[in-house]
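The values are calculated or read from the model by the stated rules, or taken from the named source; none is laboratory data. Remember, predicted model here, so these are calculated numbers, not experimental data.
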Amino acid sequence: METIAQNSHASNAVQVAQVERPCMVVRLLLLLVFCVVLPSCGKPSSDSVLTDFNEIFVKESERKFSFERHRIYSGEGDTGNVYMHVKFRLTAIADAAVENGLFTGIKLKKGQMEEREVILLYQNTPQENWKLTKYWLVPK
């Protein structure tokens, strides 16, 4: 009786191993897709977004503000477009009231801070490069 039970357990173990092996292969393939394929087809690097944001900030702030970046993340998009979000803390270097450009309407006293966010639209070119095409300040 005991040997029949042992054989039955051994047979079940072999069946389970035969079922688990294809599942493991599928899991490995899914892991490969999520780790290698998807990130490669996605978005501009955080470094290039930060470089673009720095250039925009210098141009648009007219040296009235400084900033401290908090977070860069991607929003919605598709294969040809991606919206990158940059959250930052804006600090007035001197009393500032901006009348045109990206920071239109912002009025801050010297040293006053304000949390803001800019969205940068990148479009994928035929050469598979991401190009910044538009940017705007998110309204408060």
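Just wondering, is there one or more residues in segment 1-8 that are of a type in the set (D, E, K, R) and modelled with pLDDT under 65?
yes
For every residue, the table says whether it meets (1) among the aromatic types (Phe, Trp, Tyr); (2) modelled with pLDDT of 95 or more; (3) assigned to a strand (DSSP E or B).
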| position | (1), (2), (3) |
| --- | --- |
| Tyr83 | yes, yes, yes |
| Glu99 | no, no, no |
| Arg116 | no, yes, yes |
| Pro126 | no, no, no |
| Leu132 | no, yes, yes |
| Tyr135 | yes, yes, yes |
| Pro139 | no, no, no |
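Exactly one of (1) assigned to a helix (DSSP H, G or I); (2) at pLDDT below 90 is unmet by His70. Its number?
Of everything listed in (1) assigned to a helix (DSSP H, G or I); (2) at pLDDT below 90, His70 misses just condition (1).
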